[in-house]
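Everything on this sheet refers to the single structure shown next.
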Amino acid sequence: MIRLVVDTDPGVDDAHAIMAAAAYPDARIEAVTTVKGNVSLERTTANACTILDVMGINAPIYAGCEQALVAESGGAEGFHGADGLGDSAYPPSPRKVEAEHAVHALIRLANAEPGALTLVALGPLTNLALALRLDPTLPRKYRRLVVMGGAIRSMGNTTLTAEFNFHADPEAAAIILRDWTPLTLVSWETTVEHPFSEAQVKALLAHDSPRAEFLRRISQGALTFLEHLFGRPTMLEPDLLAMAAALEPEIVRRKATHHVAVELSGALTRGQTCVDWYGMSGKQPNVELALEMNTERVWELLQAALI
Ligand code: RIB
Ligand code: CA
């Protein structure tokens, strides 16, 4: 049984990732921690409640940081909708969020059961960076950390060179990449290289179930955005790919470990992921990069959540 802690900023693709994890027979979502990212902390937390309601999961939800450590960056409402779930206007969840702050929960959960929990980070790394500063032993106490973030060839989706999660809180990303080893990183370029096909998207949308209806309602805006961008129906799934890598590591068909750092000061490059592809820095390789993944299997994991 894979026991998951999910740090997230839902977010349409965050929702897909959490749905797949919730439906995965050999995994259990032990806790969800939320962070400001795609939309405000208030919205990401409300969205996490709605997603768990739809999936019938009783895991506790802990609200985290409503600001980045230093950055004052915007959200991604243009893609995820003003409410963060495709402006799907689901009624507020009756679910109660825990009083404990997400950062304290991340520390407490790992110390309560060292080596038992897999941490999957799907948004800006603010919560994880603060937790690591309060308890530097966390990397030894979480079984594994999988992160969605970064643009490993500097093909940014937010600035020319930076991916959204790393750009939203570059200091937090720099702290985690430097001081939380090992970790597995699913990047933006890997996301773009593993899109769902038109047929796969159509099959997902064709299901007749409340969960499928939820997926349709929250995803339509994103699908329209991507069809305009690419000229054909497709879906990019950054967070679902990261979750899939946590659920079934063999889904990553090719990986490589390199030294990776985050630029903090460049006028054009703040938040850039800097990969030492040729080992020139002399620094210890610290990040396992997921480079090729089994997209068909990733798609099956989301399919299974819609039945
Ligand atoms: O760049 C993609 C990442 O930014 C994903 O986690 C998406 O949800 C947004 O948060
Ligand atoms: Ca996300």
What is the extension gain from M1 to E250, computed as 0.36 nm multiplied by their sequence separation minus the C-alpha to C-alpha distance, in nm to one decimal? 88.1 nm
I'd like to know which of A112, A15, A305 lies farthest towards the positive end of the charge dipole of the chain, counting +1 on Cβ of Lys and Arg and -1 on Cβ of Asp and Glu. A112
K255: which lysines have alpha carbons under 28 Å from its alpha carbon, excluding same-chain residues fewer than 8 sequence positions away? K141, K283
How big is the gap, in Å, between the Cα center of the stretch 84-138 and the Cα center of the stretch 160-209? 18
I57's amide H: which non-local residues (gap 5+, or another chain) put their own amide H closer than 5 Å, with H modeled 1.01 Å from N in plane and none for Pro or chain starts? none
Please work out how much length the chain gains when fully extended from L264 to Y278, using 0.36 nm per residue of separation minus the C-alpha to C-alpha distance, in nm with one decimal. 2.9 nm
As an exercise, use a Förster radius of 25 Å and the Cβ-Cβ distance of N58 and D208 to find the FRET efficiency, rounded to the nearest 0.05. 0.45
Could you quote the convex hull projected area for the stretch 188-247, Cα atoms only and averaged over all directions, in nm²? 4.4
Straight-line reach from K202: which aspartates and glutamates have a Cα under 18 Å away, not including same-chain ones fewer than 8 places off? D13, E213, E227, E237, E296, E300
Let me have the 222 nm mean residue ellipticity of the chain computed from DSSP H runs of 4+ only, each contributing -39500 (n - 2.57), with the sum over all residues rounded to the nearest 500. -11500 deg cm²/dmol
Placing unit charges on C-beta atoms (Lys and Arg positive, Asp and Glu negative, everything else neutral), compute the dipole magnitude of the stretch 149-200 about its Cα centre in debye, rounded to 20. 100
dims of the stretch 210-282, Cα set, principal axes, largest to smallest, nearest Å -> 52, 36, 21
Over the Cα atoms of the chain, Rg to Rh with Kirkwood Rh, two decimal places? 0.93
With helices defined as uninterrupted DSSP H runs, which ones in the chain have an alpha carbon span along their own long axis of at least 24 Å and mean Kyte-Doolittle hydropathy of at least -0.5? 210-230
Principal semi-axes in Å for the stretch 77-198 [√(5λ), Cα gyration tensor, largest first]: 26, 22, 14
Modelling each spin label as a point 7 Å along the Cα-to-Cβ direction, I'd like the E72/N111 distance in nm, to one decimal. 3.4
Along the charge dipole of the stretch 1-130, which of V39, F79, T50 sits closest to the positive end, that is, farthest toward it, with unit charges on the beta carbon of Lys, Arg, Asp and Glu (+1, +1, -1, -1)? T50
List residues of the stretch 1-20, by number, whose backbone nitrogen lies under 14 Å from a label position 7 Å along Cα→C-beta of R95. 5-11, 14-20
Output ordering of 213-226, 241-254, 270-283 (per-residue mean of other Cβ within 10 Å, highest first) is 241-254, 213-226, 270-283
Efficiency by 1/(1 + (r/R0)^6): what FRET value for D26 and R133, r their Cβ-Cβ distance, R0 = 41 Å, to the nearest 0.05? 0.80
Contour minus end-to-end for V192 and E42, with contour as 0.36 nm per residue of separation and end-to-end as the Cα-Cα distance? 51.1 nm
For the stretch 145-288, the charge dipole (Cβ of Lys, Arg +1; Cβ of Asp, Glu -1; about the Cα centre) points to a positive end, and the Cα of A246, G279, T234 closest to that extreme belongs to T234
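None of the figures in this text is laboratory data; all of them are computed from the coordinates on show. Note that the structure is a prediction, hence the values are computed from the model and not measured. Glycine gets a Cβ as well: all are built from the backbone with ideal geometry, and neighbour counts include every protein chain shown.
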